[in-house]
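Scroll down for the structure; my scribbles are underneath it.
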Amino acid sequence: MIVYGSRMYFKKNVVKSYGECEHCGDFGKMTSYQARKFGHIYFIPLIPMGKSSQILQECKGCSMGAQIPLDQLDSAVDSVADQFKSLIVSATEGETEIEVEPGYPKINIGAMIASIMGQLYCLKEIESPDSISDVLMASNMSYENELVLAKWNELNGDLDKTSAHYEAAHRLQPEAPLPIYHKAVTEFRSGRIDAAEEGYKKYLQLEPEDVVAHGELAGIYQKQKRFDQVVKSYDEVFRINPENLSNKHLKKIYKKACKKSGVQGAFLAQM
């Protein structure tokens with residue numbers, strides 16, 4: 001039997017991280033690197049297939065990730081780095097929120113710095129959060145610093161520390177929904193289901209129209225076979241966004257939950 005196919009070879013600038021896959025949705029190990037695809041026979045690279053590329057956050061589970069041709073990498077990195085520098089300058093000037101698009105709610109600068117820091121980490125442009133923390137703490141931004149440290153520990157797979165930093169951010173700003181939500185997500189990823197449920201409920205008290213959080217809470221109830229609560233959560237999902245009524249996967253879950261629980265869901269008659 002001849003073994004043939006194609007894969008990426010000659011990897012360099014490899015960065016290991018953790019994150020949520022944009023393709024399969026799972027949280028787990030990610031790999032970023034530079035390489036070139038070759039056709040192979042018996043895993044011996046023989047035929048180059050395309051140019052060398054930067055692969056970002058390739059998921060261990062589904063093997064999918066983002067790809068940037070190396071001849072476009074410098075401009076892409078410069079663009080991300082410029083955004084990051086602009087945010088750091090704004091932080092030194094005491095700005096805590098940034099308007100990303102006119103007409104949309106402002107976003108906390110710590111959350112934005114954390115997000116872009118993650119991109120730069122995978123590009124091997126940042127090796128430590130220390131200098132970022134120094135800037136934020138010098139500007140009396142303890143809350144923002146906790147968000148950055150939470151993201152850093154998530155990138156490195158330490159979910160206990162991630163959760164602790166989100167909890168610290170919550171104590172600093174008890175009415176801010178962001179750390180409550182992300183702590184709930186982290187608790188779920190850590191297998192602490194009861195804590196995750198409590199966190200999502202707490203978050204939904206502040207953001208009752210967040211359809212994603214209702215859906216994630218429904219997922220917890222489904223795992224626990226609490227079908228009456230699954231129905232209740234999906235009633236909120238469908239109320240907030242009726243377009244979800246056409247989603248075959250959600251309809252199947254909803255109908256099954258109604259049948260298992262004996263609860264007549266508010267939207268069952270429409271299916």
Estimated FRET transfer efficiency when R0 is 30 angstrom, pair residue 75-residue 96 (beta carbons, to 0.05): 0.50
Ranked 88, 55, criterion: other C-beta atoms within 10 Å, fewest first: 88, 55
Pairwise centroid distance, computed over Cα atoms, of the range 167-188 with the range 202-234, Å: 17 Å
Length gained when the stretch residue 86-residue 161 is fully extended (0.36 nm per residue, less Cα-Cα span): 24.2 nm
Cysteines in the chain lacking a second Cys C-beta under 4.7 Å: 122, 258
Of 106/252; 60/223; 16/183; 51/151; 201/260, pairs whose Cα-Cα distance is over 26 Å: 106/252; 51/151
Gain upon complete extension [residue 130, residue 68; 0.36 nm per residue less C-alpha separation]: 19.5 nm
Cα gyration tensor shape of the range 88-133, rounded if a/c is under 1.5, else prolate or oblate by comparing a/b with b/c: oblate
Expected 222 nm ellipticity per residue - DSSP helices of 4 or more, -39500 (n - 2.57), all of the chain, to 500: -17000 deg cm²/dmol
Aspartates and glutamates with Cα under 18 Å of residue 124, excluding same-chain neighbours fewer than 8 positions away: 58, 71, 74, 78, 82, 154
About the Cα centre, charge dipole magnitude for the chain (Lys/Arg +1, Asp/Glu -1 at Cβ), debye: 1920 debye
The chain: DSSP helices with Cα axial extent of at least 15 Å and average Kyte-Doolittle hydropathy no lower than 1.0: 109-122
Proximal aspartates and glutamates relative to residue 259, as straight alpha-carbon distance under 17 Å, when same-chain residues fewer than 8 apart are discounted: 228, 235
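Just so you know, all these numbers are worked out from the coordinates, no wet-lab data involved. Computed from a prediction, not measured in an experiment: that's the story for all the values here. Cβ: placed from backbone, ideal geometry, glycine included. Neighbour counts: every protein chain shown.
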